[in-house]
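I have placed the structure first, in the form of structure tokens, so that the comments after it can refer back to it.
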Amino acid sequence: MATLKRNYSRLLWDSDKSTNLPLFVDKALKLLNLKQVYYEVEHSVMSRVSCTACKAGAGLLQHYIKLGKSKEEINKMIYQFCVSLNIQSARVCEGITRLFGSEVVYVLKRITIGPNEICSFVIGDACGDVYNPYHEWEVAFPPVPKPVVRTVDSPIEKAPTFKVLQISDTHFDPYYAEGANAECNEPLCCRASNGPALTPGGGAGRWGDYRKCDTPKRTIDHMLKHIADTHPDIDYILWTGDLPPHDVWNQTKEENLKVLQETVVQMSDMFPGVPIFPALGNHESSPVNSFPPPYISSSESNIAWLYNELDAQWRRWLPAGVSHTVRRGAFYSVLVRPGFRIISLNMNYCNNKNWWLLLNSTDPATELQWLIYELQSAEFSGEKVHIIGHIPPGHSDCLKVWSRNYYAIINRYESTITAQFFGHTHFDEFEVFYDPNDLGRATSIAYVGPSVSPYYDLNLGYRIYYVDGDHDATTRLVVDHETWIMNLKDANLFGYPIWYKLYSARSAYQMQALRPQDWDKFIDDMTSKEDVFNLYFKHYWKNSPRRGSCDGECRKRLVCDARSGRSHDRRALCGHIEARIDCHRACAADMARLAIQWPVCFIVLVYSKYER
């Protein structure tokens with residue numbers, strides 16, 4: 001690490017010996033831990049280390065921009081930085097610079113905020129809550145009083161239901177090669193371009209691989225055929241995005257459109273006549289995470305190349321009337337049947353890795369204001385609504401200001417919105433929403449479906465939901481859900497995949513129903529009962545043999561994730577939960593100290609109940 005820092009320092013000074021760098025950049029070098037930064041960026045779990053690296057990088061780029069360096073000179077510096085510090089291989093560094101460098105420089109040239117504001121905006125609460133008037137905004141609600149909230153009863157047992165499939169994060173890799181090097185030390189392996197395996201057991205498996213590898217075509221084909229054979233009674237499909245692979249340094253618009261076109265044909269052929277409601281992932285664009293809002297009109301930078309193709313491909317399932325909003329912002333609203341609507345959101349307008357939002361994050365494409373209009377119309381018409389999207393609104397990848405506004409919308413229309421569905425994390429999880437004025441009252445539930453891709457250390461999976469169906473007292477709530485998986489280790493060992501039901505939520509978690517208050521109680525159970533949390537942790541990882549142990553900090557993070565429908569606000573949403581977990585751990589770890597600690601535990605536990 002010391003050598004890397006010396007190389008970094010030499011790179012900076014050699015590039016322009018006559019110029020003094022900002023002091024904070026030099027100071028940041030002393031604190032830089034590149035391995036930790038890389039891990040945190042990859043897992044979207046940020047700390048002060050990533051904050052420091054962000055400030056140093058943003059400050060350095062802004063410094064060279066102020067010096068009048070050309071785009072080509074700055075891109076060359078970024079490439080040298082990447083190679084010199086051995087952040088990635090030379091070809092990955094070259095591809096990243098080519099795809100991302102010009103866009104980042106374009107944005108940084110046009111903003112007036114500094115590294116503190118930039119990194120607080122991009123990273124969130126791990127980088128301080130820096131006030132930034134350029135990125136403070138609120139949506140406007142119509143002057144219509146919120147209806148009186150009525151207690152939601154459990155759905156009627158044995159009432160008719162819809163059977164709904166959710167497929168997410170397929171990350172189909174057309175260049176996956178069985179036996180190729182799966183230990184390539186790049187963001188994506190298991191391709192012929194990675195060369196043959198260098199060690200025994202280092203080759204890519206036939207049906208996929210737990211290492212940094214995406215999904216081969218044969219595996220997706222097998223999964224879809226299994227679903228069609230096992231679940232012939234599916235009523236409709238939620239397809240929540242991320243179709244291309246993780247070769248983010250090597251992608252083109254043409255390649256990503258080809259993946260989109262091929263997978264749309266594949267889904268249509270395998271599920272003829274079944275309605276499919278898609279949502280846009282963050283990997284569909286090239287470069288990844290790049291979704292300029294409509295005000296970016298230059299032909300070189302706008303996103304029309306993708307949105308126009310989405311409209312053309314999705315039109316086989318969606319009515320012609322949604323074409324306008326799909327082409328404008330890749331979102332839409334569809335009346336599935338009288339009294340029941342599905343709204344698909346483009347969550348890339350909350351994506352903090354979407355650098356275009358630094359120019360102006362105020363409700364990009366007026367998507368949230370449009371959502372309010374749709375929900376108000378649904379409320380007037382007595383409709384129930386399901387919302388689908390890709391990035392969960394409470395995830396750290398979602399901008400704090402966008403998430404805060406979305407949270408307010410969910411609270412206002414809690415009687416209309418009966419479920420939300422997202423993907424992106426690759427794990428099997430959920431997020432509960434609460435009344436902002438009473439954080440003890442759960443108002444909504446967002447289901448986060450598992451990924452098809454094993455990327456990485458995961459088994460492959462999909463979800464089946466049972467939604468309260470057509471009858472006079474229907475709630476349109478999710479009555480139950482099942483996660484189905486394929487054990488990748490066994491599939492590669494025995495040469496044939498077997499898909500099986502890992503669990504059903506109500507049975508496994510002994511829940512009366514799947515209302516928001518039922519999931520809130522389940523969070524309480526995970527907080528206080530280790531066996532309940534361990535079962536959730538097993539399902540969270542889709543029963544992967546590669547999952548590690550989960551210590552106290554890990555447990556606090558996962559339970560807090562479940563309680564956080566609002567991003568970058570863990571202190572408000574999870575403080576009491578973390579205190580209770582610490583208390584239970586302390587009391588269970590050493591019974592000899594119980595005589596001293598039990599009064600403290602008792603006070604914390606009782607206070608947390610009243611606080612909520």
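For the chain, the residue among I303, A378, V288 whose Cα projects farthest onto the positive side of the dipole built from Cβ charges is V288.
When ranked by the protection proxy of mean other Cβ atoms within 10 Å per residue, highest first, what sequence do the peptides 145-153, 401-409, 278-286 form? Write down the numbers at each step before the final one.
Working: 145-153: 9.8, 401-409: 22.3, 278-286: 23.9.
Ranked from most to least packed, the peptides come out as 278-286, 401-409, 145-153.
Select from T416, L198, P155 the residue farthest towards the positive end of the dipole of the chain; place +1 on Cβ of Lys and Arg, -1 on Cβ of Asp and Glu, and compute about the Cα centre. Going by the charge dipole, the pick is L198.
Every helix of 4 or more DSSP H residues in the chain counts as -39500 (n - 2.57), and over all residues that averages to -13000 deg cm²/dmol at 222 nm. Modelled label positions at E136 and D490, each set 7 Å beyond Cα in the direction of Cβ, lie 5.6 nm from each other. Across every pair of non-identical alpha carbons in region 23-127, the mean reciprocal distance, once inverted, gives a Kirkwood radius of 14.2 Å.
Membrane-span-like helices of the chain, defined as complete DSSP H segments with a Cα extent of 24 Å or more along the helix axis and a mean Kyte hydropathy of at least -0.5, are identified as 48-66, 570-589, 594-611. Hey, what D do you get for region 96-175 in µm²/s if you plug the Kirkwood alpha-carbon radius into Stokes-Einstein at 25 °C and 0.890 mPa s? Using the Kirkwood radius from Cα pairs, D works out to 126 µm²/s. For the chain, the fraction of C-alpha pairs more than 42 angstrom apart is 23%. My understanding is that a pair violates if its Cα-Cα distance is over 18 Å; which of K353/K400; K353/K542; K163/K501; K158/K225 do that in this structure? Checking Cα-Cα distances, K353/K542; K158/K225 exceed 18 Å.
By a 1.4 Å probe calculation restricted to protein chains, T52 has an accessible surface near 30 Å², given to the nearest 10.
Take L61: with every protein chain present and a 1.4 Å probe, its accessible area is about 30 Å². Which value, in Å² rounded to 10, gives the accessible area of R515 with a 1.4 Å probe and all protein chains present? Counting only protein heavy atoms, R515 exposes about 30 Å² to solvent. Volume of the convex hull of region 102-259 (Cα atoms only), normalised per residue: 277 Å³. If R0 is 25 Å, the Cβ-Cβ spacing of N185 and R546 corresponds to a FRET efficiency of close to 0.90.
Could you calculate, for region 339-392, the ratio of the Cα radius of gyration to the Kirkwood radius, expressed as Rg to Rh? Taking Rh as the inverse mean 1/r over Cα pairs, Rg/Rh reads 1.06.
Spatially close Lys pairs in region 23-127, defined by Cα atoms under 19 Å apart and a spacing of eight or more places or different chains, total 11.
Spatially, region 344-359 and region 55-91 are offset by 24 Å when compared through their Cα centroids. Applying Stokes-Einstein at 25 °C and 0.890 mPa s to the Kirkwood radius of region 188-291, computed over alpha-carbon pairs, gives a translational diffusion coefficient of 158 µm² s⁻¹.
Other residues within the sphere of radius under 10 Å centred on the Cβ of V92, judged by their own Cβ, net out at -2 (K and R +1, D and E -1). Here the spin labels are modelled as points 7 Å beyond Cα on the Cα-Cβ line, and at Y39 and A90 they lie 3.0 nm apart. The residue among I74, C127, A90 whose Cα reaches farthest toward the positive pole of the charge dipole of region 23-127, with charges on the beta-carbon of Lys, Arg, Asp and Glu, is I74. Heavy-atom accessible area, probed at 1.4 angstrom with all protein chains present, ranks M511, M46 as M46, M511, highest first.
Full extension of the chain between L198 and R327 gives 41.8 nm of extra length, using 0.36 nm per residue less the Cα-Cα distance. Please say if region 48-103 is rounded, prolate or oblate, where rounded means a/c under 1.5 for a ≥ b ≥ c the square roots of the C-alpha gyration tensor eigenvalues, and otherwise the choice is prolate for a/b larger than b/c and oblate otherwise? In terms of gyration-tensor shape, oblate.
With a Förster radius of 22 Å applied to the C-beta separation of D233 and V265, the computed FRET efficiency comes to 0.40.
The values are calculated or read from the model by the stated rules, or taken from the named source; none is laboratory data. Everything quoted here is computed from the prediction, not taken from an experiment. Quick reminder, even Gly has a Cβ in these numbers, built from the backbone with ideal geometry, and neighbours come from all protein chains shown. Just so you know, the surface numbers come from the protein's heavy atoms only, side chains and all, with ligands and any DNA or RNA stripped out. Shrake-Rupley method; radii C 1.70, N 1.55, O 1.52, S 1.80 Å.
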